[in-house]
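Peer 1: One structure, pasted below without further comment.
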């Protein structure tokens, strides 16, 4: 377990306390009760926003985000190279710039094909040219596919870490125009909340996981807690009404635990300042446990 308490990729402060909130929610205890050995490596230290200068409003705090993402990239690759499972707790979703870079570098070195399931209200596929905010937490999926600033796309090696054919995004309900065009251009498997309502989560999970099981050797799950409805997870910086229910989220994570290729997990955007008595972190800890095999019966 490795914390990445970054809040430089978002406008709302407080998400840097997400790793602490998840530890308070006893995520390690929950996993140990399932028989896992949990090694908590603490947090990667990140300079806070007050001591930094905003250089480019279209790529806010790029130098520090890039530098610390490189640290995360190296740590994640090392964990995987040693044969362990990285559980990464954030921090805003810009953390995925470094995490997927490290996973992609590991996969390339070991001849594996990377697949990513991205659970989120947002597509996170903006670039400096399309972003309405300049926040890098809205860019990591584009970066993972080799689209974006070279300072970010080159982390872990100058190659695309993720083939868009091996990506599925679930829970979408807030998509910017540039992201919509990119999703269509790349043919990304994108499931909006309309699709969840129409098909049901079990059907979507079955489709996505069947495809992943056929095509990838390493399955990474990136879970942004704003993918669920704010009534379930109020402690997020960019809440969007009409999200996944508690049971829809758990169904998906329970099914993921049965996939042999499942080899890494990150949870992003838990913001204790905006939360209600750590409700969001408690939910996130339970979601992590479900993905690792916890069952009702």
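Every number in this text was worked out from the coordinates using simple rules, so none of it is lab data. Only a predicted model underlies this, so the values are computations on that prediction, with no experimental measurement involved. Ideal geometry is used to build each Cβ from the backbone, glycine not excepted, and the neighbour counts take in all protein chains shown.
Peer 1: Answer with a single label: of (i) 49, 46, 45; (ii) 54, 43, 35; (iii) 53, 40, 40, which was calculated as Cα extents along the principal axes in Å from the structure in view?
Peer 2: Comparing each candidate, only (iii) matches the computed number.
Peer 1: Just subtract the alpha-carbon distance of residue 54 and residue 194 from 0.36 nm times their residue separation and send over the number in nm, one decimal. All intermediate terms of the calculation are to be shown ahead of the outcome.
Peer 2: Working: separation 140, 0.36 × 140 = 50.40 nm, distance 3.79 nm.
Computed gain between residue 54 and residue 194 is 46.6 nm.
Peer 1: Let me know the Kirkwood hydrodynamic radius for the range 88-160, please, with Cα pairs as the basis and the value in Å to one decimal. Each step should come with its number before you reach the end.
Peer 2: Working: mean 1/r = 0.0800 Å⁻¹.
The Cα-based Kirkwood calculation yields 12.5 Å.
Peer 1: Rank the residues 47, 173 as a footprinting-exposure proxy: fewest other Cβ atoms within 10 Å of their Cβ go first. Let's see the in-between values first.
Peer 2: Numbers: 47 12, 173 19.
In order of increasing Cβ crowding within 10 Å: 47, 173.
Peer 1: Taking the C-alpha atoms of the range 132-242, how large are the radius of gyration and the largest Cα-Cα span, Dmax, in Å?
Peer 2: Final numbers for Rg and Dmax: 14.9, 41 Å.
Peer 1: Name the residue, out of 111, 157, 98, whose mean-square fluctuation peaks in a Gaussian network model built on the chain with Cα pairs under 10 Å.
Peer 2: Evaluated over the chain, the most mobile residue of the options is 111.
Peer 1: Here's something else I'd like to know. Of the peptides 99-108, 30-39, 184-193, how do they stack up when ordered by the mean number of other Cβ atoms within 10 Å, highest first? Before the final figure, lay out each step's value.
Peer 2: Numbers: 99-108: 25.9, 30-39: 13.0, 184-193: 16.2.
Going by the mean number of other Cβ atoms within 10 Å, highest first, we get 99-108, 184-193, 30-39.
Peer 1: Let me ask something else. With a ≥ b ≥ c taken as the square roots of the eigenvalues of the C-alpha gyration tensor of the range 1-159, please select rounded if a/c is under 1.5 and otherwise prolate if a/b is larger than b/c or oblate if it is not? Each step should come with its number before you reach the end.
Peer 2: Working: a/c = 1.84, a/b = 1.26, b/c = 1.46.
It is oblate, given that a/c is not under 1.5 and a/b is not larger than b/c.
Peer 1: Here is a further query. Considering only C-alpha atoms, what is the centroid distance from the range 268-297 to the range 5-81, in Å?
Peer 2: Cα centres, the range 268-297 to the range 5-81: 17 Å.
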